[in-house]
Amino acid sequence: MAGFRLLWASEFIDAARESYKANCAPYTVVDGRDIRNVKPEDILKATGLGVGDIDLFDGSPPCASFSTAGKREAGWGKVKKYSDKAQRTDDLFFEFTRLIRGTQPKTFVAENVAGLIKGTAKGYFLEILKELKSCGYQVACKVLDAQWLGVPQARQRTIFVGVRNDLKIAPKHPTPLPYRYTVREALPWIAKAVHDTSGQFSVGDITNRPSCTVTTAQHLFVQNVEPEADISRYCTGKEWDKLQPGEQSEKYFNLVKAHPDKPVPTICASHGSGGIASVTHPFEKRKFTIAELKRICGFPDDFVLTGTYAQQWERLGRAVPPVMMAQIAATVRDKILEKTCAA
């Protein structure tokens, strides 16, 4: 989206790798090994580049260990289930710095959850920052929110931007946009029927002619709703009936009826399974379809996702929204890399 050519990618989770391969261009090498087994020279050989040639090295070490929605430090230092596999995840940022040190890209971007800089995780954050700087980079870090970068979803992420010291350019982050997109703008086919029974010639509640149903939006196409999206057979479905659009359940904390005229709350990776409470459609008693989620998560309509409904939901829930990442990458392109070319 920002004009970069993606040469190499690492993806350890099988289902995620299948989805990635279904979309990446033929020139992208997708390495399925545990990142701990990847050497810097492996990346350089696969891409045909030398040390220092890579323009941008982007990484999102798995971040569940630092999420405020999880058990955090209770899982640090332990191998545990992550997606379809089991691995230790709290140390993977140091694998990222190892590869940075060995490949010496001009710039890098590293992403993690906002919880990395909160509470007891701050110690990890300071260690990570120290390691990144020791690789020979100026490093800046900010928490950015996807809803202010073109995504109709509130999603905070910690974003590190690094620039190699010899380039003598300060790291830059994108400037938040002055507007946000809503669910209704992202999904223009959603409609809430407003029945006006006052008639054409009415005074107060008296009418002599029924009026047609007025709708707030046109259905642009027929939506295919996955059976797994239905929550009417679960306890969460009964609770859903009690909520107004934009309201969160007190009984099931993660159950939120999306407000049509606001961005949705954060889409969590595990909420696509069965009766697990999640963000739901504002007017229909169901979770969002995968087609709807793609837009809410800033993915193109034609992006291919493989696997079950829950696996596709997980891919979208774990991802950095592409539109958000495009804003970050474009800033690196325009504010940093283009300056190095001019020099």
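Derivation of every value follows stated rules applied to the coordinates shown; laboratory data play no part. In this text the structure is predicted, and so the values were computed from the model without any measurement. Ideal geometry is used to build each Cβ from the backbone, glycine not excepted, and the neighbour counts take in all protein chains shown.
Descriptive notes on the structure:
- Remark: the range 51-56, residue by residue, has Karplus-estimated 3J(HN,Hα) of 4, x, 7, 5, 6, 9 Hz, where x stands for each Gly or Pro and the curve is 6.51 cos²θ - 1.76 cosθ + 1.60 at θ = phi - 60°.
- Sequence-ordered 3J(HN,Hα) estimates for the range 229-238 from the Karplus curve with 6.51, -1.76 and 1.60 and θ = phi - 60° stand at 6, 5, 10, 5, 8, 10, 4, 5, x, 5 Hz, glycine and proline given as x.
- Seen from Trp148, the other residues with C-beta closer than 11 Å to its C-beta sum to a net charge of +1, counting Lys and Arg as +1 and Asp and Glu as -1.
- Overall form of the range 111-173 per C-alpha gyration tensor (a/c, 1.5; a/b vs b/c): oblate
- Taking amide H atoms as placed 1.01 Å from N in the peptide plane, the amide H of Val113 lies under 5 Å from those of Thr158, each 5 or more residues away in sequence or on another chain.
- Net length gained if the chain between Ala154 and Lys45 were fully extended (0.36 nm per residue, minus Cα distance): 35.3 nm
- Amide proton proximity set for Asp58, modelled H, under 5 Å, gap of 5+: Val109
- 3J(HN,Hα) along the range 12-24: 7, 7, 4, 5, 5, 5, 4, 5, 5, 5, 5, 10, 6 Hz, from the Karplus curve 6.51 cos²θ - 1.76 cosθ + 1.60 with θ = phi - 60°, whole Hz, x for Gly and Pro.
- Counted charge near Ala9, where neighbours are those whose Cβ lies closer than 11 Å (Asp, Glu -1; Lys, Arg +1): -1
- Among the listed pairs Lys39/Lys287; Lys21/Lys168; Lys21/Lys122; Lys142/Lys294, a Cα-Cα separation exceeding 32 Å is found for Lys39/Lys287; Lys21/Lys168; Lys21/Lys122.
- Förster-model FRET efficiency, 30 Å R0, Lys133 and Tyr27, C-beta, rounded to 0.05: 0.40
- Computed extension gain for Leu6 through Cys235, at 0.36 nm per residue and net of the alpha carbon distance, reaches 78.0 nm.
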